[in-house]
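See structure below.
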Amino acid sequence: MNKILEHSLVNCNPERFKTIKEEALSFCNEFVGHTIMRDDIFSLISLFAKKRNFPFKLLRFPIDDTELCAFTCVKKGTVFVTINTAIPLGKQVFAAAHELYHIIRFIKTNDLEFIENGSLLTSSQMENGDLLEEDKEANAFSALILAPKTSIKEQAQIYNVSFSNLTFKEIILFMDLFALPYKAMVMRCFECGFIDKGKTEELLNSETNDSIIHFCESNGLETRWLKTTPCINNIESIRAMIEKNKQDEVISEIRADEDLIYIEAIVSNLPRS
């Protein structure tokens with residue numbers, strides 16, 4: 001059996017999967033509605049933090065180690081989520097939703113272990129599925145909120161997709177629509193009951209990154225979910241990058257300190273929301 005299928009929550013603990021599905025549905029009803037989320041997940045996490053009234057910072061910048069997808073830590077009462085923009089955008093989206101689950105658990109339980117150790121998601125964990133129980137739950141939650149069953153069915157009707165003979169081509173179409181990594185999209189179809197274990201394994205074993213990119217480019221599908229987004233897109237990320245360059249001695253301490261002062265001056269002049 002394919003490792004992702006074997007280690008998935010729906011396969012290992014179907015009762016717990018049902019509970020996570022109910023939690024995901026409740027979350028979507030409050031925060032998402034009937035829209036397809038895709039990269040809106042980044043602003044959604046900030047909205048969730050604001051509504052739950054806890055200090056939060058989202059950092060998105062490139063990290064040389066592409067094995068690292070995302071990590072979350074708590075420092076002086078503030079939750080920091082860091083997303084590695086050197087990995088494909090689809091993986092960033094999934095990783096952000098994964099970390100959101102950990103934050104929700106933290107808020108509900110005030111878990112001291114999470115405060116001390118935070119969480120870390122690697123590409124190997126995402127690809128192979130051999131995870132701790134809470135990480136399996138986080139992966140399940142991610143796919144549930146990013147690709148709800150009703151939305152998949154609606155898009156299947158629009159694009160005339162038959163689940164009785166689901167193909168590699170149609171999984172890539174769903175990838176494009178929901179901004180999910182290939183294997184996560186296959187697993188989502190299995191979790192919804194659209195395909196059986198045999199078809200799931202067949203689709204999981206047929207994927208390579210090159211074949212997906214080639215297919216998308218040949219058929220005019222959007223490929224931005226397969227590409228990295230190394231640009232820095234917010235003040236917090238710029239500040240974090242300066243600190244990282246200072247630590248790695250890429251720039252001098254004097255230059256770093258000057259840049260940080262400049263950034264603080266910009267922040268102090270921004271309009272307050």
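Does the stretch 33-144 come out rounded, prolate or oblate by the C-alpha gyration tensor, with a ≥ b ≥ c the root eigenvalues, rounded set by a/c under 1.5 and, if not, prolate when a/b is larger than b/c and oblate if not?
Rounded is the answer for the stretch 33-144, as its axis ratio a/c remains below 1.5.
Can you check what the net charge comes to around I212, using other residues whose Cβ is under 15 Å from the Cβ of I212 (Lys, Arg +1; Asp, Glu -1)? Walk me through the numbers before you get to the answer.
Values: positive: K91, K169, K183, R224, K227; negative: E127, E170, D176, E207, D210, E217, E222.
Combined, the nearby Lys, Arg, Asp and Glu give -2.
Top mean-square fluctuation among E113, E201, E191, Gaussian network model of the chain, C-alpha springs under 10 Å?
Largest GNM mean-square fluctuation: E113.
How much length is gained if the chain between T208 and L120 is pulled fully straight, taking 0.36 nm per residue apart and subtracting their Cα-Cα distance, in nm to one decimal? It would help to have the intermediate numbers written out before the result.
Details: separation 88, 0.36 × 88 = 31.68 nm, distance 2.47 nm.
Contour length minus Cα-Cα distance gives 29.2 nm.
Largest first and in whole Å, give the semi-axes of the stretch 94-174's equivalent ellipsoid, each being the square root of 5 times a Cα gyration tensor eigenvalue.
Details: eigenvalues 203, 41, 15 Å².
Ellipsoid half-lengths, sorted descending, are 32, 14, 9 Å.
Distance in nm between label sites at E22 and N160, each 7 Å beyond Cα in the beta-carbon direction?
Reported label-point gap for E22 and N160 is 4.1 nm.
What nm distance separates the two modelled labels at S252 and F31, each placed 7 Å from Cα along Cα→Cβ?
4.5 nm
Restricting to the chain, what percent of DSSP beta bridges are antiparallel, rounded to 5?
Values: 10 of 16 bridges.
Antiparallel bridges: around 60 percent, rounded to the nearest 5.
Once the Cα atoms of helix 149-158 and of the chain are each reduced to a long axis, what angle between those two axes, in degrees from 0 to 90 to the nearest 10, is obtained?
The angle comes out at about 70 degrees.
Under the rule of at least 5 residues apart or a separate chain, name every residue whose amide H is placed under 5 Å from the amide H of I83.
Under 5 Å from the amide H of I83: L59, R60, F61.
Just so you know, all these numbers are worked out from the coordinates, no wet-lab data involved. What you see is a predicted model; the values in this text were computed from it and never measured. FYI the Cβ positions are ideal-geometry reconstructions off the backbone, even for glycines, and counts take in every protein chain you see.
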